[in-house]
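Accompanying notes for the structure given below.
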Amino acid sequence: MNDPLNINKKIDHLFRHEWGKLVTVLTKLFGPENLQLAEDVVQDTLLKALHNWKINGLPVNPTAWLFTAARNKAIDVLRQQKLQQQYFKSVSPLLQSEYTLAPTVKEFINTSSIDDDQLQMMFVCCHPSLSAEAQVAIVLKTLCGFSVTEIARAFVCNYDTIEKRLYRARQSLKENKVSFDVPPLTELDQRLETVLTAIYLLFNEGYNSTHHDELIRNDLVQESVRLCELICRSPLVNNGAAYALLSLINFTAARTAARLDDAGNILLLKEQDRKKWKTELINKGIFYLEQSASSDILSKYHIEAGIAFEHAKALQYSDTNWNNILHYYDVLYQLKPSPVIALNRAIVIAELHGAAEAIKVIGSIHDLALLKNITCCLLHWVSCTPSYNNMIKPVVILKKQ
């Protein structure tokens, strides 16, 4: 238990799974205008845990230890900075007294209402005063525990750009005096779309890590599932798209055990041993896809989840219904036209009509120059072997009929 390597792994795991919870409850206490302060307190808490646990070993309940440490640190911050004189108007009388300060902080920083609190935090991060890019970045940083480097790689931009984006987002929350509340119903759907985008990016980073020793990071995959389930359980939102995304995640994650060979090399879909695909996750994917049908709005996640279903139901590669998949790519392109979707569609055409036809389709793609590197890979692919590749990220999948 005192092995430093084991402790470091535990800290890393807790950082992923508890960071968002701790930042949420501290933001609820300090207010969204003090988001940076909430993150600083959590960072100090994790550093304290790392130091303490290396000496004393892991506690019986690490999560409870972290919440207690964060609570004590928050009390110290309130005493030292006297923030209660500037903010928290609704609870300031309780925070101003030494008799009620600690009990009030304890009430705020607990796990009993963490699901509701995190749902509210998602919508705080997606306030309309923030740009779409800033919304996704701050969700990844605040709720998902992404590092700035991870966010930069997800956005395909540099570290400094993300740092500035996060700084401006925090400043905007402060200047607009954003409250820790669920937004009006008229704003829920718009903000939910950004939240789902962030979860989608989180899953993609877990399924195909951009900067980690391991290609597949199950901790990130599980975190994306947790956040998506949180939305699906909420009666406050139209969660059809969330169910579709959860279906997509389960269908795709079902293939995880078959994605690598013994040497750690990526196996194409055609090369994978489908006996290694997890039936339990496939069944969950089907269940959530059926749940998503209750929505009267067709999202890109509905369509993408469907092709995952088409692959999942094919007992072998030759059984794949490429005609269905092509149809749904057509629908997807109408819904969200982009050169990446058009390129994926060309892969399906290669399966149905051969490489020559696929190359013609590629040549007609608008903004093809933006996909130069990916296109070169695809041209090599269609000239060598008719195998469906996972080379394009995010994972693109389609909806069943």
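The values are calculated or read from the model by the stated rules, or taken from the named source; none is laboratory data. Not measured: the values here are computed from a predicted model. Don't worry about glycine lacking a Cβ; one is built from the backbone with ideal geometry, like all the others, and counts go over all protein chains shown.
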Legend entry - Checking residue 262 against (1) outside any loop (DSSP other than H, G, I, E, B); (2) over 16 Å from residue 314 (Cα atoms), the condition it does not meet: (1)
Legend entry - Cross-chain or 6+ apart pairs with Cβ under 8 Å, the range 221-239 first and touching a residue at least 60 places away in the same chain (Cβ under 8 Å), then acidic (Asp, Glu) and in a helix (DSSP H, G or I): 230/115; 233/115
Inset, instruction - Looking only at the range 270-298, count how many residues are of a type outside the set (A, V, I, L, M), buried (at least 18 other Cβ atoms within 10 Å of the Cβ) and either part of a helix (DSSP H, G or I) or in contact (Cβ under 8 Å) with a residue 60 or more places away in the chain (or both). - result: 4
Legend entry - Test result for residue 303, crowded, with 20+ Cβ neighbours inside 10 Å, in contact (Cβ under 8 Å) with a residue 24 or more places away in the chain, over 24 Å from the mean Cα position of the chain (by Cα) and in a helix (DSSP H, G or I): no
Legend entry - Condition met for residue 315 (under 19 Å from residue 298 (Cα atoms), in contact (Cβ under 8 Å) with a residue 12 or more places away in the chain and not assigned by TED's automatic domain parsing to the domain that holds residue 156): no
Legend entry - Within the range 111-152, tally of residues that are of a type in the set (S, T, N, Q) and part of a helix (DSSP H, G or I): 5
Legend entry - Unique residue being in a helix (DSSP H, G or I) and exposed (fewer than 15 other Cβ atoms within 10 Å of the Cβ) when the list is 70, 74, 64, 49: 64
Inset, instruction - Just one of (1) among the β-branched types (Val, Ile, Thr); (2) modelled with pLDDT of 95 or more; (3) over 22 Å from residue 243 (Cα atoms) trips up residue 286, so point out which. - result: (3)
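Residue check: is residue 149 outside the structural domain of residue 76 (by TED's automatic domain parsing) and touching a His at 6+ places or on another chain (Cβ under 7 Å)?
yes
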